[in-house]
Amino acid sequence: MANHKSSIKRIRSNEAKHVLNKYQDKTTRNAVKVLRTTKDKAKAAELLPKVSGMLDKLAKKNVIHKNKAGNLKSSLTKHVNSL
């Protein structure tokens, strides 16, 4: 158990951040899955900027590594261009 007032506050704020990060990570992974399974080029081209922005936001907040975000964006862009 935490002994200091500030550490108790830190535990509370970390839990709140954890819940939000987990939600955004899962939402992004679902969006990536939807984009990968899309067969329509127009719809995929429309989804790509949104998914790229979601990946960038996760990388900026250190939820995922910036190189992973770049690798995912690259592979998704190749997928959309190959449709």
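None of the figures in this text is laboratory data; all of them are computed from the coordinates on show. Please read these numbers as outputs of a predicted model, since none were measured by experiment. Ideal geometry is used to build each Cβ from the backbone, glycine not excepted, and the neighbour counts take in all protein chains shown.
Please name whichever of G53, N3, N71 sits farthest to the positive end of the charge dipole of the chain, dipole taken about the Cα centre and charges placed at Cβ: Lys and Arg +1, Asp and Glu -1.
The Cα lying farthest towards the positive end belongs to N3.
Between M1 and N71, what is the FRET efficiency for a Förster distance of 41 Å, r being their Cβ-Cβ separation, to the nearest 0.05?
The formula returns an efficiency of 0.50 here.
At a 10 angstrom cut-off on C-beta neighbours, averaged per residue, how do the peptides 11-23, 61-73, 43-55 rank from highest to lowest?
43-55, 61-73, 11-23
Report ³J(HN,Hα) in whole Hz for each residue of region 71-79, in order, from the Karplus equation J = 6.51 cos²θ - 1.76 cosθ + 1.60 where θ = phi - 60°; Gly and Pro get x.
Ordered by residue, 3J(HN,Hα) equals 5, 5, 4, 5, 5, 5, 5, 4, 4 Hz.
Which percent of the Cα-Cα distances in region 1-47 go past 12 Å?
Across region 1-47, Cα pairs with separations above 12 Å total 70 percent.
Taking only the Cα atoms of the chain, how large is their convex hull per residue, in Å³?
85
Taking 0.36 nm per residue of sequence separation and subtracting the Cα-Cα distance, how much length would be gained by fully extending the chain between V19 and K60, in nm to one decimal?
13.1 nm
Kindly flag which residue pairs out of K39/K66; K26/K66; K33/K66; K39/K61; K43/K68 have an alpha-carbon separation exceeding 21 Å in this structure.
From the list (K39/K66; K26/K66; K33/K66; K39/K61; K43/K68), the Cα-Cα distance tops 21 Å for K39/K66; K39/K61; K43/K68.
Would you mind getting me the FRET efficiency between K50 and K9? Use the beta-carbon distance for r and R0 = 35 Å, nearest 0.05.
With a Förster radius of 35 Å, E is 0.50.
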